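J.: Below is the structure I would like to discuss, written out as structure tokens.
The values are calculated or read from the model by the stated rules, or taken from the named source; none is laboratory data. Only a predicted model underlies this, so the values are computations on that prediction, with no experimental measurement involved. Because the Cβ atoms are built from the backbone with ideal geometry, glycine has one as well, and the counts that use them run over all protein chains shown.
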Amino acid sequence: MRSLLAASAASAFVRSSASPLRPPLFALPFRPQLSSTRFCAARPVSAAAAKSRGGGAGCSEMEDRAVHSGEIHVIVGPMFAGKTTALLRRVQAEADTGRTLALIKSDKDNRYGLDSVVTHDGTKMACWALPELSSFQDKLGAEAYNKVDVIGIDEAQFFDDLRDFCCKAADRDGKIVIVAGLDGDYKRNKFGSVLDIIPLADSVTKLTARCELCGRRAFFTLRKTGDTKTELIGGADVYMPVCRQHYLDGQIVIEATRIVLDLERSTVTSDVK
Ligand SMILES: [Zn+2]
């Protein structure tokens, strides 16, 4: 995982260095402390945020050019890969530099309550739990929305309007949007709209978990139950991270179990008749 993150940070550095206006900001949370002057001159901020912080005469021209230039960073991976932990670390790093942040999660996931984002190891941060992202600006109010520099979105696979929201927030409103979510469902098909924002993203980080069966790197989420609906909210009771081999083995076991259960069911039915 560390090497993946390092690779991501390195590629972000290369991309950012192509523009004289962009120091390696994308490498969060690994970037060094920025001085306030450099921060002011280089970072893209929302118009209101720039205004409210008195951008400074020396950097106003550059800010004007950068003011609508937001960023989108995407963190994907299977369940238990530390996506929420990475998200919280990144938004906290942004907050530490003085940026104003807002955190959003889907109201479909109420495993840990609706007022905070919570990692599997118990770290938590206050959030907005919403049915769709388009309601965020109304909930927050226009004035408060304008002051937000950074928007973190957890469990992004549950938001159907993810692409539209990210476009608007980053392209039009100059926000830094950091998105964490499942890239694939338990069938390894794309989940929600997370993959649709990859073409919009400044950086993409794919995290891995540990296979619950062999300890190797896990890329996939195996559903342990026979439930077949795509959105089944659950934790370790329902899902486990697995490597490729154990994902395939798991599918065979699940399919064999289904056949046995179907056979038993049909036997019971014919006995009753
Ligand atoms: Zn394995």
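J.: Of these, GLY192, GLY181, GLY215, which one is surrounded by 15 or more Cβ atoms within 10 Å (Cβ to Cβ) and assigned to a loop (DSSP other than H, G, I, E, B)? Walk me through how you get there before you give the answer.
T.: Details: GLY181 fails: assigned to a loop (DSSP other than H, G, I, E, B); GLY215 fails: surrounded by 15 or more Cβ atoms within 10 Å (Cβ to Cβ).
The conditions single out GLY192.
J.: If a residue has to be within 17 Å of SER106 (Cβ to Cβ) and hydroxyl-bearing (Ser, Thr, Tyr) to count, how many in segment 127-149 make the cut?
T.: 2
J.: Among (1) of a type in the set (S, T, N, Q); (2) part of a loop (DSSP other than H, G, I, E, B); (3) closer than 30 Å to ARG172 by Cβ, which single condition is THR230 missing?
T.: (3)
J.: Looking at ALA180, is it more than 15 Å from the chain's Cα centre (by Cα) and of a type outside the set (D, E, K, R)? Before you say what the answer is, go through the steps one by one.
T.: On the way: more than 15 Å from the chain's Cα centre (by Cα): no; of a type outside the set (D, E, K, R): yes.
No, not satisfied.
J.: Same structure, new question: Quick check: is even one residue across segment 223-234 under 29 Å from GLY113 (Cβ atoms), surrounded by 12 or more Cβ atoms within 10 Å (Cβ to Cβ), at pLDDT 85 or above and within 16 Å of the ligand (Cβ to nearest atom)?
T.: The answer is yes; a qualifying residue exists.
J.: Exactly one of these conditions fails for MET240: (1) within 20 Å of the chain's Cα centre (by Cα); (2) at pLDDT 95 or above; (3) within 16 Å of the ligand (Cβ to nearest atom). Give me its number.
T.: So MET240 meets the others, but not (2).
J.: Can you go through VAL150, VAL204, VAL194 and tell me which one is among the aliphatic types (A, V, I, L, M) and without any contact (Cβ under 8 Å) to a residue 60 or more places away in the chain?
T.: Details: VAL204 fails: without any contact (Cβ under 8 Å) to a residue 60 or more places away in the chain; VAL194 fails: without any contact (Cβ under 8 Å) to a residue 60 or more places away in the chain.
Of VAL150, VAL204, VAL194, the one residue that is among the aliphatic types (A, V, I, L, M) and without any contact (Cβ under 8 Å) to a residue 60 or more places away in the chain is VAL150.
J.: Just checking, how many residues over segment 196-212 are crowded, with 20+ Cβ neighbours inside 10 Å and farther than 28 Å from ASN146 by Cβ?
T.: Of the residues in segment 196-212, 4 are crowded, with 20+ Cβ neighbours inside 10 Å and farther than 28 Å from ASN146 by Cβ.
J.: Any chance segment 171-181 includes a residue that's over 14 Å from LEU88 (Cα atoms), small (Gly, Ala, Ser) and touching a residue at least 60 places away in the same chain (Cβ under 8 Å)?
T.: yes
J.: Can you tell me which residue within segment 189-213, out of those that are within 16 Å of the ligand (Cβ to nearest atom) and at pLDDT 95 or above, is nearest to the chain's Cα centre (by Cα)? Break it down into steps so the answer makes sense when it comes.
T.: Step one: list which residues in segment 189-213 are within 16 Å of the ligand (Cβ to nearest atom), which gives 208-213.
Filter once more, so that each one left must be at pLDDT 95 or above: 208-211.
Working: THR208: 14, ALA209: 15, ARG210: 19, CYS211: 21 Å.
Filtering first and then ranking leaves THR208.
J.: Among all residue pairs at least 6 apart or on different chains, which show Cβ distances below 7 Å where the first residue, located in segment 115-134, is in the same structural domain as VAL148 (by TED's automatic domain parsing) and the second is exposed (fewer than 14 other Cβ atoms within 10 Å of the Cβ) and assigned to a strand (DSSP E or B)?
T.: Taking only residues 6 or more apart or on different chains, the pairs are ASP115/ALA126; SER116/ALA126.
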